[in-house]
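**Student:** Would you mind keeping the following structure in view while I ask a few things?
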Amino acid sequence: MSMGTAELSEIAAVKNVQIAVAESLTAGLLAGAIGSGAGASEWFRGGVVAYQTAVKNEVLGVDGNLDPCSPEVARQLAAGVRDLLRADLAISTTGVGGPEDDDGHPPGEVYLGWATADAVGHRRLELKGEPHEILAATVDAALELLTSLAREAGDRARQGV
């Protein structure tokens, strides 16, 4: 279990934040990391690996006219899985792992999407390295973002916001 997973586990459990993931780029690596967290069965709702565009559209409601490597798709993936799995907080991964460009996007152009009950957003990453390094860095960045969002979501819930 990574340091990021340990911190996320503690925050999600203490703040009772139910988490879900939608993965394209990372193809299950993020769910695997989250699922290794202590007590994950109490706070990790699950995930959807939506690698093909059709799955993104049919299962998670992503607009089929959008560029798969975009902030909009990252946000729609997160919102779709949050609704599907009835989570408090969801995160998504999409982008280009390499080693080649994909539809004009360079390797390492990655988007993390997130969705809560009242907000949706994204973070763009520009990563360098071999495909396995880009995937590992994406998982680390997603865990960091998820931990921060879980902390905020738990604080809002306690304040009745």
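Bear in mind these aren't lab numbers, they're just calculated from the coordinates by the rules spelled out. Values in this document were obtained by computation on a predicted structure and should not be read as measured data. Note: ideal-geometry Cβ built from the backbone for every residue, glycine included; neighbour counts use all protein chains shown.
**Student:** Checking residue 114 against (1) over 13 Å from the mean Cα position of the chain (by Cα); (2) buried (at least 23 other Cβ atoms within 10 Å of the Cβ), which single condition isn't satisfied?
**Tutor:** Among (1) over 13 Å from the mean Cα position of the chain (by Cα); (2) buried (at least 23 other Cβ atoms within 10 Å of the Cβ), residue 114 violates only (1).
**Student:** Let me ask something else. Scan the stretch 45-81 for residues that are on the phi > 0 side of the Ramachandran plot and either of a type in the set (A, V, I, L, M) or over 13 Å from the mean Cα position of the chain (by Cα) (or both) and report the count. Can you show your working first?
**Tutor:** Quick first cut of the stretch 45-81, residues on the phi > 0 side of the Ramachandran plot only: 46, 61.
Remaining after also requiring either of a type in the set (A, V, I, L, M) or over 13 Å from the mean Cα position of the chain (by Cα) (or both): 61.
So the answer is 1.
**Student:** Then there's this: Select from the stretch 91-120 the residues that are more than 18 Å from residue 143 (Cα to Cα) and of a type in the set (Val, Ile, Thr) and list them in ascending order. Even if it seems obvious, please write down each step before you answer.
**Tutor:** Start the filter on the stretch 91-120 by keeping residues that are more than 18 Å from residue 143 (Cα to Cα), which leaves 96, 98-107, 117-119.
Answer for the stretch 91-120, where residues must be more than 18 Å from residue 143 (Cα to Cα) and of a type in the set (Val, Ile, Thr): just 96.
**Student:** State yes or no: is residue 124 within 27 Å of residue 9 (Cα to Cα), surrounded by 22 or more Cβ atoms within 10 Å (Cβ to Cβ) and among the basic types (Lys, Arg)?
**Tutor:** Values: within 27 Å of residue 9 (Cα to Cα): yes; surrounded by 22 or more Cβ atoms within 10 Å (Cβ to Cβ): no; among the basic types (Lys, Arg): yes.
When the stated conditions are applied, residue 124 does not pass them.
**Student:** Can you tell me which residues in the stretch 137-158 are out of contact with any helix residue (DSSP H, G or I) (no Cβ under 8 Å at 6 or more places or on another chain) and of a type outside the set (S, T, N, Q)?
**Tutor:** Keep residues of the stretch 137-158 that are out of contact with any helix residue (DSSP H, G or I) (no Cβ under 8 Å at 6 or more places or on another chain), which gives 137, 141, 145, 148-149, 152, 156.
Result: 137, 141, 145, 149, 152, 156.
**Student:** Test residue 23 against the stated conditions and say whether it is out of contact with any helix residue (DSSP H, G or I) (no Cβ under 6 Å at 6 or more places or on another chain) and either without any contact (Cβ under 8 Å) to a residue 60 or more places away in the chain or closer than 25 Å to residue 131 by Cα (or both).
**Tutor:** Details: out of contact with any helix residue (DSSP H, G or I) (no Cβ under 6 Å at 6 or more places or on another chain): no; either without any contact (Cβ under 8 Å) to a residue 60 or more places away in the chain or closer than 25 Å to residue 131 by Cα (or both): yes.
Criteria not met by residue 23.
**Student:** Hey, another quick one. Here are 97, 37: which of them is surrounded by 21 or more Cβ atoms within 10 Å (Cβ to Cβ) and either within 21 Å of residue 131 (Cβ to Cβ) or of a type in the set (S, T, N, Q) (or both)? Write out each step before concluding.
**Tutor:** On the way: 37 fails: either within 21 Å of residue 131 (Cβ to Cβ) or of a type in the set (S, T, N, Q) (or both).
Exactly one of 97, 37 is surrounded by 21 or more Cβ atoms within 10 Å (Cβ to Cβ) and either within 21 Å of residue 131 (Cβ to Cβ) or of a type in the set (S, T, N, Q) (or both), namely 97.
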